[in-house]
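The values are calculated or read from the model by the stated rules, or taken from the named source; none is laboratory data. Just so it is clear, the structure is predicted and the values come from calculations on it, not from any experiment. Cβ placement follows ideal geometry from the backbone for every residue including glycine, while neighbour counts extend to all protein chains displayed. Note: accessible area is taken over every heavy atom of the protein model, side chains too, but ligands, DNA and RNA are not part of it. Shrake-Rupley method; radii C 1.70, N 1.55, O 1.52, S 1.80 Å.
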Amino acid sequence: MAPPSAVPFPLGKDPMPAPLPPLRSQLLLALLFGVAGLLLNALRLEIFFSVDVIFGSVFVMLVILRAGVGPAVAAALIAGSTTVVLWNHPWALVVFACEAFMVGWLVRRRAWDLLVADIAFWAVLGAPLVWLFYHQALHIDAQGTVLIILKQAVNGIINTLLAYLIHLAWRAWRNPKGVARPAFRSVVFVTMVSLVTFPALIYLTAFVRHEARQGEQDLVRRSAGLDLVARQALQTWIGDRHQSVAALASLAARPDPRREDLQRAVEAIRTAMPAFKRVGVLDVHADIIAFSPLVDDLGHPSLGRNLADRPYIPVLRESLSPQVSDVVMDRVGRPEPIVLLLVPVVRNGRYDGCCVGAVDAKQIQEVLAIVAGSVDAWLTLLDRSGHVISSTRKDLARMSAFTPSPGERRPLAERVWHVIPPARPGRSTMQRWGESIILREGILSPQLPWTVVLESPLAPLNGDLARITIQGLSTLLLLILLTIALAYLLSRRFTRAIARLEEATRAFPEHLGETPGTDLVLAPSRIAEIQHLNDRFQQMTHALRVSFRELNNLKDTLELRVATRTGELQTALDTIKTLHGIIPICASCKKIRDDQGSWNQLETYISQHTEADFSHGICPDCAKRLHPELRRREPDG
């Protein structure tokens, strides 16, 4: 590995990677940290609508610092596999594996700083890869791709910064053998960057989430307003035409109405209201007695035709109340979807025929188009059986069965849902959210229980949120880069005085012998604490020089002092075995009492306290007293 001084664009010596452990330990670290990253990725931080910040690559960066390139790529593949489920495509996994390889290679082989290596990856390789995979392969629009580039770049730099913090803390607290302690400059640098980056990310996330909630609520309120306008417009439109048919029924209920008058009336109604495809009067036997047009579009005459087989005749006969049919296929002339407005002719409380107005379903679609024309939404009107009467959606044919939008439904309010399309191969989760809608269903009126379906696409809100997030992430990325540069300069400036002090003290032992009063030259500092440290160090230097000079003086007289002291000690040693003072001795047996109070034989006591030894014999007097027989034999001897 190159020395730290050779690191390109150095931010300091930290975090220096640890020495590579054995292969078995490398594989174990890759597995454990990869699984930890996988679990951490599952706890994603959602900015809005499936735009997530994930933190699993923190462990990948730690593997780079602890185990090297290969284990880091393996850990990235394990941790990044979560994104296949979260985002429904494998391309993020490829990008994260490339990040682990390039950053690991730069850190381990080229001795780059970890944070600089990650920034270089996203600037040189990460952004082009995201554009290739997301824009070209997944066909995400340019705005969405730019959003993903910025989000993943910021996410990667933040994860690297977190790994930076964890690695420094591990080195400071554990102080593993063979790994240097963290430098103060690195601590200052990472603290400054963290104090700016993490609050900025939290603020951006909270702001965009607030905008997303606010936008969703506004969309729900707008849909409620549009639903109300649509129902009122339809009720008014249908009510006006139903009222015309009711007026015709009142005319037909008069005593002995003339058929000529009824014919003029139906023609006038149809002329005044072009939405009516046909208007007619039927007698009690369901024979047409007045009708407009007199000839249908197939050239068949209308008058005199019997419609007793129509299902609405028995209903009117029994209920004697106005009715609105579901959408039906016209059986007069060319078959087309129509809605029948029916009013019975009641005379003397009995059924005496009915009036019929056939409304072209296309005319209802024009009403829906007018209502929905000012907003980005689709309106669909369903009859009682769930068939489409009319819709502003081009893919819904009239009289077709309405199928609710498939996918996940998230309830937002009563009869209001956020519908997210189901997952499909090749479609990212972000694209699914972009295709999602706000679905609202409401009853037209209690008298006419048709259903008004309002579908509001979420794409405009997604676009607005994407623009806000792109601006926020661009600002955050620029802020991070400026903060890194500023923190590097400031941390270097803050620690420069300490570095100079370290440099000055490195040669200090060589100058201890200089004359006291010679000051250690230290550059003055504008920071009070650093200047105080310089002053105290100079005072300590002076005190050490005085003490060192005194020690040298003592050294010069040491041999004489040692010789004198040795003589004094020898004299003391010579005299230490001489008995002094009063010795307590028994007046009878002549035993001597020692310091512990024990009585010892005289020769024992003297042997213990002097260098004298005893040899035993017997004197002549004792010999005479103790051995008198020796005296009797003495003359013969």
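A compact table of results
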quantity	calculated
Check on residue 258, within 28 Å of residue 385 (Cβ to Cβ) and of a type in the set (D, E, K, R)	no
Residue among 356, 332, 367, 371 that is touching a Gly at 6+ places or on another chain (Cβ under 8 Å) and either aromatic (Phe, Trp, Tyr) or open to solvent by less than 60 Å² (accessible area, probe 1.4 Å) (or both)	356
Output for the range 448-469, where each listed residue is of a type in the set (Ser, Thr, Tyr), closer than 14 Å to residue 215 by Cβ and assigned to a strand (DSSP E or B)	456
The listed residue being closer than 30 Å to residue 396 by Cβ and free of Cβ contacts under 8 Å to residues at least 40 places away in the same chain, out of 310, 278, 350	310
Yes/no for residue 50 being hydroxyl-bearing (Ser, Thr, Tyr) and modelled with pLDDT under 75	no
Among the residues listed as 246, 252, the single one being touching a Leu at 6+ places or on another chain (Cβ under 7 Å), touching a residue at least 40 places away in the same chain (Cβ under 8 Å) and not polar (S, T, N, Q)	252
Any chance residue 390 is of a type in the set (S, T, N, Q), assigned to a strand (DSSP E or B) and either out of contact with any helix residue (DSSP H, G or I) (no Cβ under 7 Å at 6 or more places or on another chain) or surrounded by 22 or more Cβ atoms within 10 Å (Cβ to Cβ) (or both)	yes
Residues of the range 426-447 that turn out to be in a loop (DSSP other than H, G, I, E, B), over 30 Å from residue 242 (Cβ atoms) and open to solvent by less than 30 Å² (accessible area, probe 1.4 Å), as a count	2
Qualifying positions in the range 335-353 - open to solvent by less than 10 Å² (accessible area, probe 1.4 Å) and on the phi > 0 side of the Ramachandran plot	353
Checking residue 432 against (1) closer than 30 Å to residue 92 by Cα; (2) touching a residue at least 40 places away in the same chain (Cβ under 8 Å); (3) more than 22 Å from the chain's Cα centre (by Cα), the condition it does not meet	(3)
When residues of the range 371-387 are limited to those that are in contact with a helix residue (DSSP H, G or I) (Cβ under 9 Å, 6 or more places away or on another chain) and outside any loop (DSSP other than H, G, I, E, B), the one nearest to residue 458 (Cα to Cα)	378
Residue check, residue 274 loosely packed, with under 13 Cβ neighbours inside 10 Å and of a type outside the set (Asp, Glu)	yes
The range 291-311 - residue that is touching a Phe, Trp or Tyr at 6+ places or on another chain (Cβ under 9 Å) and in a loop (DSSP other than H, G, I, E, B) and, of those, least open to solvent (accessible area, probe 1.4 Å)	302
